[in-house]
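Student: Can you keep this structure in mind? I'll have questions shortly.
The values are calculated or read from the model by the stated rules, or taken from the named source; none is laboratory data. None of the values given here were measured: they were computed from a predicted structure. We place every Cβ from the backbone using ideal geometry, glycine too, and count neighbours over all the protein chains shown. Just the protein is used for accessible areas: all its heavy atoms, side chains included, with ligands, DNA and RNA removed. Shrake-Rupley method; radii C 1.70, N 1.55, O 1.52, S 1.80 Å.
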Amino acid sequence: LLTSYSKYKKYCTQYEIDEYRRNMTNALAHDLKSPLTAIYGYAENLRNNVHSEKKDYYADAVLENVQYMNEIITNTLDLAKLEISDKGLKREKVDISVLAEELYSKYRPQAESRDISFKISGKAVVSADRKMMAQAVENLISNAVKYTSDGGEIKICVNAESFVISNTTDKVIDAEKVNKPFEKADASRSNRSGSGIGLSIVRNIMMLHKFGFETKAENNTFTAKITF
């Protein structure tokens, strides 16, 4: 009986892994199909010299779609690496608030152009892999800037126990759904604002560190919390 139960659990686990991979493959193919279709159309216009006055526009659109596809593939590879093991984890003392300030500076011009305010409070030094933690925090900041409504605000609160980032938004967000690979902040699969994989990468990085990670959405505010 124990042997049969053990085999059953093994088969269930394998089925879940296979199902997860099938869903990821289907979602990846879906998200790559749209930019590929756009690239084909723009390239065909360039080759046939259609609306020659729009040549620069077509070229820019091709580059934009290629960049978007590259982001999806890079993030997918990153997620795959994180799902293997934690053998590459190199812990050191990381000032999480200073790290957040440095990373936000990359997005400050974009935020300010949309009149988004930013505030960070508190300090904490944690034992973590600096490169992985930077990737996680940047994903959270990038996500916040991307989905904050114009004129809204982003807040980061740090202490010895947690890192919390919140942003105001005018979108209806399913906080549980967006933690899954290729799920997006809104229901539209045609939404090109991101690949929808960022929060999955954050969650996996936190799992490797044995840190907690949770998200919630209420009162037009999306919040992501890392617990050390």
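Student: Among 128, 124, 61, which is out of contact with any Asp or Glu (no Cβ under 8 Å at 6 or more places or on another chain) and open to solvent by less than 30 Å² (accessible area, probe 1.4 Å)?
Tutor: Just one listed residue meets the conditions, 61.
Student: While we're looking at this one, here's another question. Search the stretch 101-126 for residues being touching a Ser or Thr at 6+ places or on another chain (Cβ under 7 Å) and of a type in the set (Val, Ile, Thr), and hand back the single one that is farthest from residue 161 (Cα to Cα).
Tutor: 116
Student: Which condition number in (1) open to solvent by less than 20 Å² (accessible area, probe 1.4 Å); (2) closer than 21 Å to residue 70 by Cα; (3) modelled with pLDDT under 85 is the one that residue 189 fails?
Tutor: Condition (1) is where residue 189 drops out.
Student: If residue 150 meets every condition in (1) under 24 Å from residue 68 (Cα atoms); (2) buried (at least 16 other Cβ atoms within 10 Å of the Cβ); (3) at pLDDT 60 or above apart from one, which number is that one?
Tutor: So residue 150 meets the others, but not (2).
Student: Read through the list (1) farther than 30 Å from residue 201 by Cα; (2) modelled with pLDDT under 80; (3) aliphatic (A, V, I, L, M), then give the number of the only condition that residue 50 fails.
Tutor: (2)
Student: Filter the stretch 89-120 down to residues that are assigned to a loop (DSSP other than H, G, I, E, B) and open to solvent by 50 Å² or more (accessible area, probe 1.4 Å) and give me whichever is modelled with the lowest pLDDT.
Tutor: 90
Student: Something else now. Just the residues that are part of a loop (DSSP other than H, G, I, E, B), touching a residue at least 12 places away in the same chain (Cβ under 8 Å) and surrounded by fewer than 16 Cβ atoms within 10 Å (Cβ to Cβ), please, taken from the stretch 200-228. Full working, then the answer.
Tutor: Here is the first cut: in the stretch 200-228, the ones part of a loop (DSSP other than H, G, I, E, B) are 210-211, 219-220, 228.
Next cut, touching a residue at least 12 places away in the same chain (Cβ under 8 Å) only: 211, 220, 228.
Selection gives 220 alone.
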